[in-house]
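Undergrad: So that we are looking at the same thing, I have put the structure below in structure tokens.
Just so it is clear, none of the values below were taken in a lab; they were calculated from the coordinates. Given the structure is predicted, the values throughout are model-derived calculations rather than measurements.
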Amino acid sequence: MAGFVFAPTEGGESTRRKVTKGLRNLKELAEEKVDEVRGLLQEAEEDAEESEEEEEEEPEHHDARAATPAARAARRRRARASRPPVAPRC
């Protein structure tokens with residue numbers, strides 16, 4: 001493979017262009033994924049902060065079932081569903 005890339009012939013030049021184009025595409029894809037992960041991390045951080053605020057604001061429950069992790073998760077899902085969707089960053 002290295003012989004094709006470094007070859008001084010027309011075939012080597014074509015291969016170098018293809019490799020360069022592929023690497024540019026790969027770089028763009030990696031940048032998009034990094035932005036996507038940043039958005040997801042930011043959303044998760046906001047969700048965690050909201051959960052902490054909700055827990056601080058909620059009065060003590062007398063019903064033991066309402067305090068279970070599953071019940072808290074369900075309340076977070078309902079709250080999250082009521083918010084407008086987050087647009088992907090470009």
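Undergrad: Which length gain, in nm to one decimal place, applies between Ala79 and Val34 when the Cα-Cα distance is subtracted from 0.36 nm times their residue separation?
TA: Difference between extended and current length: 13.5 nm.
Undergrad: Also, I was wondering about something else. How large is ³J(HN,Hα), in whole Hz, for each residue of region 46-54 in order, when computed from phi with the Karplus curve 6.51 cos²θ - 1.76 cosθ + 1.60 and θ = phi - 60°, using x for Gly and Pro?
TA: 5, 4, 5, 5, 5, 4, 5, 5, 5
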